[in-house]
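J.: First the structure, which I've put down as structure tokens, then a few questions once you've had a look.
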Amino acid sequence: MKREDLEKLGLAKEQIDSVCDLNNADMQPLKTDLQKAQDDLKVAQEKVTATEETLKKFDGVDLEGLKKQVTDLQADLKKKDDAHAAELADRDFNDLLKESIANAKGKNAKAITALLDVDTLKASKNQKDDIAAALKGLAEAEDSKMLFGEPETVIGGGNPIGTVTKAGNQDSDAAMRAVMGLPPITEQK
């Protein structure tokens with residue numbers, strides 16, 4: 001309703017102002033709601049436009065191929081992780097085996113290891129005790145007990161010729177060199 005329509009009805013200016021004020025009071029919340037709805041619509045349209053632009057970047061992309069590639073990469077990563085874990089377990093087992101052989105006074109670790117059922121010991125829940133028991137069995141067996149015990153001492157170890165030191169008498173060094181047919185040593189400066 002417009003002001004002119006109210007004037008045609010014969011209302012006074014104060015009455016028209018009162019009617020307009022009441023109309024504005026009723027309409028203001030509706031105008032605010034309308035403005036908010038229009039703003040929300042504009043934001044939503046901008047999001048749709050941005051999403052459409054983002055989706056255009058993926059035109060022609062094979063989603064199934066990408067999913068398969070991701071699955072394959074995850075499987076490869078798991079295989080590598082499993083292989084790495086197995087390598088670490090093997091290393092730890094081998095270290096434990098060598099340490100146990102040394103503690104049992106094994107003379108030849110390779111020979112002793114060859115006599116053990118390594119696969120069964122690796123699969124064991126309590127490797128340390130099972131290795132110790134297996135080594136004890138080998139140390140007590142007639143055919144393998146010679147692989148255990150104190151290491152044999154080597155008699156006559158060291159340099160059989162002896163060592164020549166410069167701290168001794170220089171004349172004896174010169175005499176020795178002369179007997180061997182070598183020229184005397186001259187000091188270089």
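The values are calculated or read from the model by the stated rules, or taken from the named source; none is laboratory data. The structure displayed is predicted, hence computed values, not measured ones. When we count neighbours, we look across all protein chains shown, and the Cβ atoms used for this are built from the backbone with ideal geometry, even at glycine. These accessible areas exclude ligands, DNA and RNA; they are computed on the full protein's heavy atoms, side chains included. Shrake-Rupley method; radii C 1.70, N 1.55, O 1.52, S 1.80 Å.
J.: Not counting ligands, DNA or RNA, and with a 1.4 Å probe, what is THR186's accessible surface area in Å² rounded to the nearest 10?
T.: Approximately 100 Å² for this residue.
J.: Can you sort LEU63, LEU147 by 1.4 Å-probe accessible area, starting with the largest?
T.: In descending accessible area the options line up as LEU63, LEU147.
J.: Considering only protein heavy atoms, with the full assembly of protein chains and a 1.4 angstrom probe, order ILE185, ILE16 by accessible area, largest first.
T.: In descending accessible area the options line up as ILE185, ILE16.
J.: Working from Cα positions, state the angle (0 to 90°, nearest 10) between the long axis of helix 63-103 and the longest principal axis of the chain.
T.: 30
J.: Accessible surface of ASP117 in the full protein assembly, 1.4 angstrom probe, to the nearest 10 Å²?
T.: Surface accessible to solvent at ASP117 totals approximately 90 Å².
J.: Name the residue, out of LYS122, LYS13, LYS78, whose mean-square fluctuation peaks in a Gaussian network model built on the chain with Cα pairs under 10 Å.
T.: Largest GNM mean-square fluctuation: LYS13.
J.: Next question. Say we join alpha carbon atoms closer than 10 Å with springs in a Gaussian network model of the chain; which of ALA25, ALA134, ALA102 then has the biggest fluctuation?
T.: ALA25
J.: Anything over 22 Å Cα to Cα? Flag those among LYS2/LYS36; LYS36/LYS56; LYS110/LYS145; LYS2/LYS31; LYS80/LYS122; LYS98/LYS122, in the order listed.
T.: LYS2/LYS36; LYS36/LYS56
J.: Can you pull the percent of the chain's accessible area that's carbon plus sulfur, 1.4 Å probe, other chains left in place?
T.: The computed percentage sits at 57.
J.: Give the accessible surface of the chain per residue, rounded to a whole number of Å², with probe radius 1.4 Å and ligands, DNA and RNA excluded.
T.: Result: 85 Å² per residue.
J.: May I pose another question? Using the Cα centre as the reference, give the magnitude of the dipole from point charges on the C-beta atoms of the chain (Lys, Arg: +1; Asp, Glu: -1; all else neutral), rounded to the nearest 20 debye.
T.: 800
J.: Simple spin-label model, 7 Å along Cα-to-Cβ: ASN23 to ASP119 in nm?
T.: Between ASN23 and ASP119, the label points sit 9.8 nm apart.
J.: Mind checking which lysines have their C-alpha under 25 Å from LYS8, skipping anything on the same chain fewer than 8 residues away?
T.: Here the lysines satisfying the reach criterion relative to LYS8 do not exist.
J.: Compute the angle between helix 127-140 and the longest alpha-carbon principal axis of the chain, please, reported from 0 to 90 degrees and rounded to the nearest 10.
T.: 20
J.: Efficiency by 1/(1 + (r/R0)^6): what FRET value for ALA12 and ASP39, r their Cβ-Cβ distance, R0 = 35 Å, to the nearest 0.05?
T.: Calculated value: 0.35.
J.: Measure nothing but the geometry: give the 0 to 90° angle between the long axis through the Cα atoms of 170-180 and the longest principal axis through the Cα atoms of the chain, rounded to 10°.
T.: It is inclined by approximately 80 degrees.
J.: At a probe radius of 1.4 Å, what is the per-residue accessible area of GLU46, in Å² to the nearest 10?
T.: For GLU46, solvent-accessible area is about 110 Å².
J.: While we're looking at this one, here's another question. Of the options ALA89, ALA104, LEU121, report the single residue whose Cα projects farthest towards the positive end of the charge dipole of the chain (beta-carbon charges: Lys, Arg +1; Asp, Glu -1).
T.: Towards the positive end, the residue furthest out is ALA104.
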